[in-house]
Amino acid sequence: MSAHLHEFENGAALAEGLADRISGALADAVATRGRASIAVSGGSTPKAFFKALSSRDIDWSKVTITLVDERFVPADNPRSNHLLVADNLLQGKAKAARFLPLYRDAGSAEEAARIVSADAEALGHPFDVVILGMGTDGHTASFFPGGSRLAEAISPETPRGVITMEAEGAGETRLTFTFASLQDARLLVLHIEGQGKKDVLAAAESEGPETDMPIRAILRRAAAPVDIYWAP
Ligand SMILES: O=C1O[C@H](COP(=O)(O)O)[C@@H](O)[C@H](O)[C@H]1O
């Protein structure tokens, strides 16, 4: 794998720069294949970027947006990544996009994972764009250190799709796309902000087990080059 660091003066400049890059990639995918797919992360970091992206003038009706990972909570729960995307990305011009939720009212998280894995197959693969975040514990997607199914989630043998994950510190049961689904995106971005996360990234880039800092699975083994977007 190779990585390229894009540094910005502040979060606002990063949001605009990343929105330019992603809207360009989505427009190219629509021009080439007639449709585009993007999987985005939740958490606190992507809000300004989502707002910037939602204003970009592309043919959003041909774009499907989904999530890299989600909490097993309905979309009206304040901790839902779906809610974050609905409030900040599925607005303005991007309102015309289709959204593929990971949470389903399916009785169990395992059943929801089965349903959404089948639905995601229809998107084709690889994803045109995947935007990952990273926690200060080195998790990405819902690949948490100590996660109940971490080994399975990051194994190259585990097929594409969505699986469940439980982890201390993760709160609710999670739904997460597997490593196989994310690692070969046509454009693979890691979006992090703050000196603290830059330090975590430096630690992840040093030697050590992937299970201690699961972002290492992406940094070391992703088929796609990783474009790292960072601002202080
Ligand atoms: O739990 C999660 O956290 C990470 C990072 O979130 P942040 O608040 O530190 O930006 C995020 O990438 C992931 O999608 C989310 O579920």
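The values are calculated or read from the model by the stated rules, or taken from the named source; none is laboratory data. Worth saying up front: this structure is predicted, and the values here are computed from it rather than measured. In this analysis, Cβ positions are derived from the backbone assuming ideal geometry, glycine residues included, and neighbour counts consider all displayed protein chains. Protein only, heavy atoms only, side chains kept; ligands, DNA and RNA dropped before computing areas. Shrake-Rupley method; radii C 1.70, N 1.55, O 1.52, S 1.80 Å.
Using only C-alpha atoms and all pairs of different ones, pull out the Kirkwood radius for segment 108-163 in Å with one decimal.
Over segment 108-163, the inverse of the mean reciprocal pair distance is 12.7 Å.
Assign one of three labels to the chain, namely rounded, prolate or oblate, based on the Cα gyration tensor with a ≥ b ≥ c the square roots of its eigenvalues; rounded applies when a/c is under 1.5, prolate when it is not and a/b is larger than b/c, and oblate otherwise. Spell out each step's value before the answer.
On the way: a/c = 1.38, a/b = 1.07, b/c = 1.29.
Here the chain falls in the rounded category.
Classify segment 101-232 as rounded, prolate or oblate, taking a ≥ b ≥ c as the square roots of the eigenvalues of its Cα gyration tensor: rounded when a/c is under 1.5, otherwise prolate if a/b is larger than b/c and oblate if not. Intermediate values should be presented prior to the final figure.
Details: a/c = 1.79, a/b = 1.38, b/c = 1.29.
Prolate shape, in that a/c is at least 1.5 and a/b is the bigger ratio.
Taking only Cα atoms and a 10 Å spring cutoff, compute GNM fluctuations for the chain and point out the largest among 195, 183, 91.
Taking springs between Cα atoms under 10 Å, the residue moving most is 195.
So which GluC sites (Glu not before Pro) in segment 114-198 pass both tests, a DSSP loop state and at most 13 other Cβ atoms within 10 Å of the Cβ?
Values: sites: 121, 152, 157, 166, 168, 172, 193; in loops: 157, 166, 168, 172.
Listed in order of number, the matching sites are 157, 168.
Treating cross-link reach as a plain straight distance, find the lysines whose alpha-carbon is under 21 Å from the alpha-carbon of residue 93, omitting any fewer than eight places away in the same chain.
Cα-Cα hits under 21 Å: 47, 51, 62.
Could you check which residue among 15, 36, 170 shows the biggest mean-square fluctuation in a GNM of the chain with a 10 Å Cα cutoff?
Sorting by GNM fluctuation, first place goes to 170.
With every protein chain left in place, what is the accessible area of residue 62 in Å² (1.4 Å probe, nearest 10)?
90
Rg/Rh for segment 37-91: what does it come to with C-alpha atoms and Rh from Kirkwood?
On the way: Rg = 11.0 Å, Rh = 11.6 Å.
Here the Rg-to-Rh quotient is 0.95.
Among the GluC sites (Glu not before Pro) within segment 5-88, which fall in a DSSP loop and have no more than 15 other Cβ atoms within 10 Å of their own Cβ?
Loop-located and lightly packed - 9.
Can you send over the carbon and sulfur percentage of the accessible area for the chain, probe radius 1.4 Å, protein chains only? Mind showing how you got there, number by number?
On the way: 4790 of 9520 Å².
C and S fraction of accessible area: 50 percent.
Quick one: Cα centre-to-centre distance for segment 187-210 and segment 49-105, in angstrom?
25
Given a 1.4 Å probe, how much area per residue of the chain is accessible, in Å²?
41
At 222 nm, what value in deg cm²/dmol follows for the chain if DSSP H runs of at least 4 each add -39500 (n - 2.57) and the sum is divided by all its residues, to the nearest 500? Working shown, then result.
On the way: 8 runs with 79 residues, N = 232.
Dividing the helical sum by the residues of the chain leaves -10000 deg cm²/dmol.
Does segment 150-204 classify as rounded, prolate or oblate by the C-alpha gyration tensor (a ≥ b ≥ c root eigenvalues; a/c under 1.5 gives rounded; else a/b over b/c gives prolate, otherwise oblate)?
In terms of gyration-tensor shape, oblate.
Looking only at the chain, where both bridge partners belong to it, what percent of the DSSP beta bridges are antiparallel (to the nearest 5)? Mind dumping the intermediate values first?
On the way: 8 of 33 bridges.
Percent antiparallel among DSSP bridges in the chain is about 25.
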